[in-house]
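Since the structure comes first, as structure tokens, the remarks are kept for the end.
The values are calculated or read from the model by the stated rules, or taken from the named source; none is laboratory data. Just so you know, these numbers come straight off a predicted model, no measurement behind them. Cβ placement follows ideal geometry from the backbone for every residue including glycine, while neighbour counts extend to all protein chains displayed. Just the protein is used for accessible areas: all its heavy atoms, side chains included, with ligands, DNA and RNA removed. Shrake-Rupley method; radii C 1.70, N 1.55, O 1.52, S 1.80 Å.
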Amino acid sequence: DGGITQSPKYLFRKEGQNVTLSCEQNLNHDAMYWYRQDPGQGLRLIYYSQIVNDFQKGDIAEGYSVSREKKESFPLTVTSAQKNPTAFYLCASSSGVATDTQYFGPGTRLTVL
Amino acid sequence: QKEVEQNSGPLSVPEGAIASLNCTYSDRGSQSFFWYRQYSGKSPELIMFIYSNGDKEDGRFTAQLNKASQYVSLLIRDSQPSDSATYLCAVNKGAGANSKLTFGKGITLSVRP
């Protein structure tokens, strides 16, 4: 089956901890994206990557970091510098063409205790 | 003006009626437009995309784009209770390496049996 997987589905973090959210795709897509969604809000772009070993900040990158060492993988680290990390995190991918569609993974719900 | 704006909603229609969802955008250079459906607690799934002025139909769904007036709409004919969800409008402003989507906050549709 082709698709995007995210793990874990639920994640609980203590204040001051860094956590890493996994995103893997086997669609052979070049571009990958991380979004954050808060209750009653649309999606806000955190980071995106159009090719391996390159990524750009989105609209709300502060307190987050990413890497893109492989085409299939785009992990997101939520650092302790992120003051309000409780949210629903969504990973997406697309082939990278300007008018192409983004497909979403199932998401990770992060809660800070 | 917000980059992508959707009616605040919620919108409630009876089963079998036509649901009309509207979205306006601020950047005249926007190139492609997407409607996603998101059930509560789930990730967004693509309904339709459109990038030429006019109508595009897919089953019970019709997307309408008017670039001169900077709006895009989604019509759902013969609405069903299973259509009850939040609908997200997204606009692609960039191209190539700068391709990324900007999302509206979404509108919640409730279809009454």
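Is it fair to say residue B:108 is open to solvent by 40 Å² or more (accessible area, probe 1.4 Å), in contact with a strand residue (DSSP E or B) (Cβ under 8 Å, 6 or more places away or on another chain) and not in a loop (DSSP other than H, G, I, E, B)?
Details: open to solvent by 40 Å² or more (accessible area, probe 1.4 Å): yes; in contact with a strand residue (DSSP E or B) (Cβ under 8 Å, 6 or more places away or on another chain): yes; not in a loop (DSSP other than H, G, I, E, B): yes.
When the stated conditions are applied, residue B:108 passes them.
Output yes when any residue across segment A:49-67 is in contact (Cβ under 8 Å) with a residue 40 or more places away in the chain and more than 11 Å from every other protein chain (Cβ to nearest Cβ), and no when none is.
no
This table checks each residue for (1) within 29 Å of residue B:31 (Cα to Cα); (2) within 8 Å of chain B (Cβ to nearest Cβ).
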| position | (1), (2) |
| --- | --- |
| A:71 | yes, no |
| A:77 | no, no |
| A:83 | no, no |
| A:96 | yes, yes |
| A:110 | no, no |
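Name the residues in segment A:11-35 that are within 11 Å of chain B (Cβ to nearest Cβ) and touching a Leu at 6+ places or on another chain (Cβ under 9 Å), would you? Working first, answer last.
Of the residues in segment A:11-35, the ones within 11 Å of chain B (Cβ to nearest Cβ) are A:30-31, A:33, A:35.
Matches in segment A:11-35: A:33, A:35.
Checking residue B:99 against (1) closer than 30 Å to residue A:32 by Cβ; (2) touching a Lys or Arg at 6+ places or on another chain (Cβ under 9 Å); (3) more than 13 Å from every other protein chain (Cβ to nearest Cβ), which test does it fail?
Failing condition for residue B:99: (3).
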